[in-house]
Amino acid sequence: MKKTILGFITIGVLIFSACAQQKKTTKGTVFANSGKKALGIEQIVMERTACFGTCPAYRIIINKDGQTKYISRYYTEYEGTFEKQLDQEKTAELFNEFAKYHVDTCQEEYKSLVQDLPGIIYEFTYKNGKEQVIRQAEFGPEFLKELARKVDALVVVDDSWKKIAEPEKHK
């Protein structure tokens, strides 16, 4: 009986410690115009993957200086690869959000619970050269989905973006 209870407690601790989402400090955060870097993050990449239907699929690459690239894959309004310089203060706010949730402590991959959902993949490049990938983030902690919504809200492609390449041909 004690082993069973201990087993449930251990499993519970493992599940709830998947990411350090409770840890909210100002250490490592970016403050606008301060020159400090969020967890040393140099680049955030977010990719929304396809579903079995007509879900938009695209890749967004945001550098800490606000230089951003949008690459359409499937079912997007703007097709091709686009670039734009985002507002540095808004970019710093976004990097702050990723630092606030200590994304560097997240799992590399979360268990897929449903096959026909558009996926979220994050890739981070850090100042020290470290790279990190979080696959199937949509099944991770809720804050990973909220961060994806914030990236989408910041990176809204319109006619002000410079088109630098035509869409990739898919077979």
> When ranked by the protection proxy of mean other Cβ atoms within 10 Å per residue, highest first, what sequence do the peptides 86-94, 154-162 form?
Replying inline: 86-94, 154-162
>> Using the Karplus curve 6.51 cos²θ - 1.76 cosθ + 1.60 with θ = phi - 60°, what ³J(HN,Hα) values do you get for each residue of the stretch 147-162, in whole Hz, with x for Gly and Pro?
In response: 5, 4, 5, 5, 4, 4, 5, 7, 9, 9, 6, 8, 5, 7, 7, 8
> What order do you get for 125-135, 42-52 when each peptide is scored by the mean count of other beta carbon atoms within 10 Å, highest first?
Replying inline: 42-52, 125-135
>> Please list, ordered by chain and number, the residues whose modelled amide H lies under 5 Å from the amide H of GLY66; skip anything fewer than 5 residues away on the same chain.
In response: none
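Every read-out reported here was derived from the displayed coordinates using simple, explicitly stated rules and does not represent laboratory data. Quick caveat: nothing in here was measured; it's all calculated off a predicted structure. So basically every Cβ, Gly included, is an ideal-geometry build from the backbone, and we count neighbours across all protein chains shown.
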